[in-house]
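A quick write-up on the structure given underneath.
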Amino acid sequence: MPNLAKAWRFFLLAGLVLLNAACHKQEAQTYEPQYTDTFRDRNLYHFAVHPLYNPEMLSSVFTPLMEYLNERIPNATFQLEASRDYTAFEDKIRRRSVEFLLPNPYQTLLGQLNGYHVFAKMGNDADFHGIFITRRDSGIHSVSQLKGKTISYPAPTAIAATMLPQQFLQDHGIDVNSDIANIYVGSQESSILAAYHRQADVAATWPPPWRNFVKDHPREAAQLKVLWQTPSLPNNSFMARNDVAADLVQKVRKALLDMPTDPVGRKVLQQMAMFPFEMADDNTYLPVRQFIRRFNKAVRPLDTFDAQPQPASAGRQD
């Protein structure tokens, strides 16, 4: 009998262990952002943000904005959608797989060709320019010294951090295709770190990631410096797919533009370290179209965007 009792205790303990493991496994497999009952019966809209940061940081920055929209707009739930890289994000635009976008200006033109339309934008266009970062001990002081050097960028279609810097170099006598080695490292922080770790002589990026790097990695940032900055273009846009109800787009626009006068909205903007959002439409990005045409001729070929965008009136009105 004692042996039988021991056997029962063993099987009972083993069963509890297996049950506990199964529960943990199920939690790991099914984990996803959870919404309260308040939002469960609403229409779900996906909001894709281009890879300003790595996915973890992008979530920490933009989730408060999604929560703010969810609280302010009845009958709709907005879910943040990150992308592993620029190519994956641009594929979502071409497939029209999400209802709302926050693309860079180049991707804004791509969105216009695929039935998306601008309804607002990030503020402070003066901040939308490229910068060049190098180590303080690099000995680089003039653009002409870059011949034969390696330059890092986040991605070929990062307009502020790649295209504006490459146009700047071309305008200052550096043939981007033959005078330097270009490496695309996948993210803004990776570009900065390439210069820090001497994998590149100079890193191209733009101000927000550089400010975050200075804040999060002060020891490493102290060994780097900004060399030059490029001219600016209109900042990143907010876009809606043309089959999203027009009244919903108007509500999202109003919520974004009202943030500076809303106590919760002001707090969210402060958390995001962003300037107030601004009114914009497709015509706001005509200077970007002109820049892309010039870039195609002077630097390297990209999409021409010569086709006209679909009319904004294509959106549903219900």
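The values are calculated or read from the model by the stated rules, or taken from the named source; none is laboratory data. As the structure is a prediction and not an experimental result, all values here were calculated from the model. All Cβ positions, glycine included, derive from the backbone under ideal geometry; neighbour counts span all protein chains shown.
For the reader, a short list of remarks on this structure follows.
- The one condition from (1) modelled with pLDDT under 95; (2) part of a helix (DSSP H, G or I); (3) surrounded by 15 or more Cβ atoms within 10 Å (Cβ to Cβ) that Pro309 does not meet is (2).
- Scanning the range 80-114 for residues that are at pLDDT 95 or above and small (Gly, Ala, Ser) turns up Ser97, Gly111.
- The one condition from (1) closer than 25 Å to Leu110 by Cα; (2) out of contact with any His (no Cβ under 7 Å at 6 or more places or on another chain) that His141 does not meet is (1).
Let's see how each residue does on (1) buried (at least 19 other Cβ atoms within 10 Å of the Cβ); (2) in the same structural domain as Gln250 (by TED's automatic domain parsing); (3) small (Gly, Ala, Ser):
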site: Ile73; (1), (2), (3): no, yes, no
site: Phe89; (1), (2), (3): yes, yes, no
site: Thr134; (1), (2), (3): yes, no, no
site: Leu169; (1), (2), (3): yes, no, no
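- Spans of helices (runs of 4 or more DSSP H) in the range 164-257 with at least 1 residues in contact (Cβ under 8 Å) with a residue 60 or more places away in the chain: 164-171, 188-196, 207-216, 246-257
- Any chance Ser190 is within 27 Å of Ser83 (Cβ to Cβ) and of a type in the set (S, T, N, Q): yes
- Checking Arg198, Arg219, Arg211 one by one, the residue that is under 16 Å from His129 (Cα atoms) and not assigned by TED's automatic domain parsing to the domain that holds His50 is Arg211 and no other.
- Count of the range 136-162 residues which are assigned to a helix (DSSP H, G or I), buried (at least 23 other Cβ atoms within 10 Å of the Cβ) and out of contact with any Ser or Thr (no Cβ under 6 Å at 6 or more places or on another chain): 3
- The residue pairs whose first member lies in the range 271-299 and is touching a residue at least 12 places away in the same chain (Cβ under 8 Å), whose second member is surrounded by fewer than 17 Cβ atoms within 10 Å (Cβ to Cβ) and polar (S, T, N, Q), and whose beta carbons are closer than 7 Å, counting only pairs six or more residues apart or on different chains, are Phe275/Asn124.
- Test: residue in the range 264-281 that is over 30 Å from Glu56 (Cβ atoms), at pLDDT 95 or above and under 23 Å from the mean Cα position of the chain (by Cα): yes
- Identity of the residue in the range 91-104, charged (D, E, K, R) and within 19 Å of Phe119 (Cβ to Cβ), that ends up surrounded by the most Cβ atoms within 10 Å (Cβ to Cβ): Glu99
- Filter pass, Pro165 being within 15 Å of the chain's Cα centre (by Cα), at negative phi and surrounded by 23 or more Cβ atoms within 10 Å (Cβ to Cβ): no
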